[in-house]
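Engineer: What follows is a structure written as structure tokens; I'll ask about it next.
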Amino acid sequence: MEDPFKSGIVYYDDKLDQRHRLQEYVLSHIDETLEKGWIQVYFSAGYPDFD
């Protein structure tokens, strides 16, 4: 249940700035990491299908 007194306003502070910069860095370098094999994707059939 969502807190009815929680504000929808967020102040842009240093912590939020650092989080945003990290997200931008990861997104802008994801292709390079995949090409160099630093990250590999594996698929597993061990999980049930929840359709």
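Engineer: In vacuum, with every alpha carbon of the chain counted as one equal point scatterer, what does the Debye formula give for log10 I(q)/I(0) at q = 0.18 Å⁻¹? Two decimals, please.
Structural biologist: Relative scattering, expressed as log10 I(q)/I(0), comes to -0.83.
Engineer: Under the rule of -39500 (n - 2.57) per DSSP H run of 4 or more residues, summed and divided by the residues of the chain, what mean residue ellipticity at 222 nm is obtained, to the nearest 500 deg cm²/dmol?
Structural biologist: The helix contribution divided over the chain gives -15000 deg cm²/dmol.
A short reminder: the numbers here are calculations on the coordinates, not readings from a lab. The model shown is predicted, which means the values in this text are computed figures rather than measured ones.
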